[in-house]
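*Asks:* Before I ask anything, here is the structure I am working with.
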Amino acid sequence: MSTFDDREKGFEKKFAHDAEQDFKAAARRNRMLAEWAAGLMGLESVEEYVRAVVKADFEQPGDEDVLRKVFGDLKGSGVTASEGEVRMKMDELMAQARDQMKNAG
């Protein structure tokens, strides 16, 4: 096998690994976001809400479905939070999720 083939396989493995890490970080972020929102809304069944938010993430590619779900739920429950605030919280929690994953192993 040539050096070029080895490099190509290495890039493919790195791409697959990075995609998997991104997926795991987003899932962790969604869990933390749901826990944060559930606390703001005063929900007793936090785990049930976490499952609903995680499920919402599979509706469409990207983060907009999660943002819509959480923002809509906050607004519907009377919590005063702007869409921008929820988006900023998502960004903050994504950074935390990536740090946790990096530090975990």
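The values are calculated or read from the model by the stated rules, or taken from the named source; none is laboratory data. Predicted model, so just to flag it, every value in this text is computed and none were measured. For neighbour counting, all protein chains shown are included, and Cβ atoms are generated from backbone atoms with ideal geometry for every residue, glycine included. The accessibility values were calculated without ligands, DNA or RNA, using every heavy atom of the protein model including side chains. Shrake-Rupley method; radii C 1.70, N 1.55, O 1.52, S 1.80 Å.
*Asks:* Mind checking which helices in the chain clear 20 Å along their axis (Cα) and have mean Kyte-Doolittle hydropathy of -1.0 or more, DSSP H runs only?
*Replies:* Working: long enough: 3-41 (56 Å, -0.95); 83-104 (31 Å, -1.10).
Taking the DSSP H segments of the chain (at least 20 Å long, mean hydropathy at least -1.0), we get 3-41.
*Asks:* Right, something else. Rounded to a whole number, what % of the accessible area of the chain do carbon and sulfur atoms account for, probe 1.4 Å?
*Replies:* Heavy-atom surface of the chain belonging to carbon and sulfur, 1.4 Å probe: 54 percent.
*Asks:* Right, here's the next one. Would you mind classifying the range 1-68 by shape? Square roots of the alpha carbon gyration tensor eigenvalues, ordered a ≥ b ≥ c; an a/c under 1.5 is rounded, otherwise it is prolate if a/b is larger than b/c and oblate if not. Don't jump to the answer; show the numbers that get you there.
*Replies:* Numbers: a/c = 4.84, a/b = 3.46, b/c = 1.40.
Here the range 1-68 falls in the prolate category.
*Asks:* Expressed in nm to one decimal, what extension gain is obtained for the pair T3 and M101 from 0.36 nm per residue of sequence separation less their Cα-Cα distance? Before the final figure, lay out the partial values.
*Replies:* Numbers: separation 98, 0.36 × 98 = 35.28 nm, distance 3.17 nm.
Contour length minus the Cα-Cα distance gives 32.1 nm.
*Asks:* Tally Lys/Arg at +1 and Asp/Glu at -1 over every other residue whose Cβ is under 11 Å from the Cβ of E47; what's the total? Intermediate results must be reported in sequence, preceding the final value.
*Replies:* On the way: positive: R31, R51; negative: E35, E44, E48.
Value of the local net charge: -1.
*Asks:* At R0 = 25 Å, how high is the FRET efficiency between Q60 and S82 if r is their beta carbon distance? Nearest 0.05 is fine.
*Replies:* The pair Q60/S82 has a calculated efficiency of 0.70.
*Asks:* Oh, and also: With the other protein chains left in place, how much accessible area per residue, in square angstrom, belongs to the range 35-105 at a 1.4 angstrom probe? If you can, show how the numbers build up before the last one.
*Replies:* Values: 4570 Å² over 71 residues.
Per-residue accessible area for the range 35-105 comes out at 64 Å².
*Asks:* Can I ask one more? Any idea what the alpha-carbon Rg over 2.2 N^0.38 Å comes to for the range 30-105?
*Replies:* 1.08
*Asks:* Okay, moving on. Which residue, F15, F23, F58, has the most motion in a Gaussian network model of the chain that connects Cα atoms within less than 10 Å?
*Replies:* F15
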